[in-house]
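A short write-up of the structure that comes next.
None of the figures in this text is laboratory data; all of them are computed from the coordinates on show. This is a predicted model, so every value here is computed, not measured. Virtual Cβ from ideal backbone geometry, glycine too; neighbours counted across all protein chains shown.
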Amino acid sequence: MRDFVLHHTAPRPVPLTPGIRLHTATDVTALWEATGHPDPPFWAFPWAGGQALARHLLDHPHLTAGRHVLDLATGSGLVAVAAATTGATTVTANDVDPLAGTAATLNAELNHVTLDIAVTDLLDTDTHHDVVLAGDVFYDRDMAARVLPFLHRAHRRGATVLVGDPHRAHRPRHGFHQVATHHVPVPHDLEGTDHRTTHVLTPD
């Protein structure tokens with residue numbers, strides 16, 4: 001899988017966090033066809049929610065420094081890399097897609113940080129991490145319906161929960177408040193626009 005990711009991507013700086021580079025694809029359609037997977041290759045691009053959340057962590061490193069962090073649905077590992085850069089004690093990058101696990105591993109190496117990779121579905125479990133991060137997880141009704149209870153359980157146990165969301169269709173209308181807003185450069189062919197106003201949210 002390392003060879004597949006390396007073949008279809010190239011290291012590029014992330015627009016909103018140029019100090020972080022990711023193995024990034026240029027042609028989403030060609031890559032999607034090559035994966036043979038019904039879902040888009042979420043691991044191959046810096047999505048708006050992840051960019052905003054990563055920027056927020058870099059601007060406020062005390063949120064994750066010295067703490068045990070879980071990055072849920074990590075995709076490329078962008079948010080996990082940002083958390084590790086701030087000096088988090090441990091960072092677990094979680095995704096159900098093995099290619100995402102591979103991409104996050106490669107991106108950690110590219111940025112000289114260490115991540116614990118967990119390729120598994122955690123949404124029906126309870127986490128005991130100090131910080132739970134989720135970038136761009138409300139793109140799908142079924143995903144949102146499973147992610148929200150997980151995030152609320154973590155919040156009730158005392159974890160710091162932060163979500164990056166660019167007004168996706170299934171974002172929560174209640175139970176969260178905004179702590180930051182970013183205007184995020186995004187690939188036009190993916191988003192149909194060049195920028196997305198993206199909020200960092202936390203549970204009430």
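Working ranking of peptides 30-39, 156-165 by packing, defined as the average number of other Cβ atoms within 10 Å per residue, highest first, is 156-165, 30-39.
For segment 1-89, what number results from the quotient of the Cα radius of gyration and 2.2 N^0.38 Å? Spell out each step's value before the answer.
Details: Rg = 13.8 Å, N = 89, 2.2 N^0.38 = 12.1 Å.
It is 1.14.
Treating each Cα of segment 154-204 as an identical point scatterer and ignoring solvent, apply the Debye formula and state log10 I(q)/I(0) at q = 0.28 Å⁻¹. After summing over all Cα pairs, the log10 values are -1.08.
Which one, A80, A93, A145, has the greatest fluctuation when you compute a Gaussian network model over the chain with C-alpha springs under 10 angstrom? Evaluated over the chain, the most mobile residue of the options is A145. Of the residues H174, H23, H62, which exhibits the maximal mean-square fluctuation in a Gaussian network model of the chain defined by a 10 Å Cα contact cut-off? With Cα springs under 10 Å in the chain, the top fluctuation among H174, H23, H62 is at H174. For segment 52-69, 3J(HN,Hα) computed residue by residue from phi via the Karplus equation (6.51, -1.76, 1.60; θ = phi - 60°) reads 5, 5, 4, 4, 5, 5, 5, 6, 10, x, 5, 5, 10, 4, x, 10, 8, 10 Hz, glycine and proline entered as x.
Once the Cβ-Cβ distance between H128 and D189 is put in as r, and R0 is 45 Å, what FRET efficiency do you end up with, to the nearest 0.05? Don't skip to the end; give the middle numbers.
Numbers: r = 40 Å, r/R0 = 0.89.
FRET efficiency, H128 to D189: 0.70.
Sorted from fewest to most neighbouring beta carbons within 10 Å, what does the list H188, H68, H56 look like?
Numbers: H188 10, H68 17, H56 25.
Arranged by neighbour count, lowest to highest, H188, H68, H56 become H188, H68, H56.
Once you reduce segment 1-58 and segment 139-184 to the center of their Cα atoms, the two points are 21 Å from each other. What is the percent of Cα-Cα separations in the chain that go past 24 Å? It works out to 33 percent of all Cα pairs. Pairs of Cα atoms nearer than 8 Å and 6+ residues apart set the relative contact order; for segment 2-203 it is 20 percent. Where a ≥ b ≥ c are the square roots of the eigenvalues of the C-alpha gyration tensor, would you call segment 52-165 rounded, which needs a/c under 1.5, or, failing that, prolate if a/b is larger than b/c, or oblate? Since a/c reaches 1.5 but b/c is at least a/b, the shape of segment 52-165 is classed as oblate.
For V179, the residues 5 or more places off, or on other chains, whose built amide H falls under 5 Å of its own are V200, L201, T202. Residues considered: A73, A118, A169. Largest GNM mean-square fluctuation over the chain, using C-alpha springs under 10 Å, is found at A169.
The amide H of T92, built 1.01 Å from its N in the peptide plane, has V69, L70, D71, D116 as neighbours under 5 Å, considering only residues 5 or more places off or on other chains. The slack between R157 and V179, meaning 0.36 nm per residue of separation minus the straight C-alpha distance, is 5.9 nm.
Using the Cβ-Cβ distance between A10 and A144 with R0 = 45 Å, the FRET efficiency computed as 1/(1 + (r/R0)^6) comes to roughly 0.90. Shape class for segment 114-182, computed from the alpha carbon gyration tensor (a ≥ b ≥ c): rounded, with a/c under 1.5.
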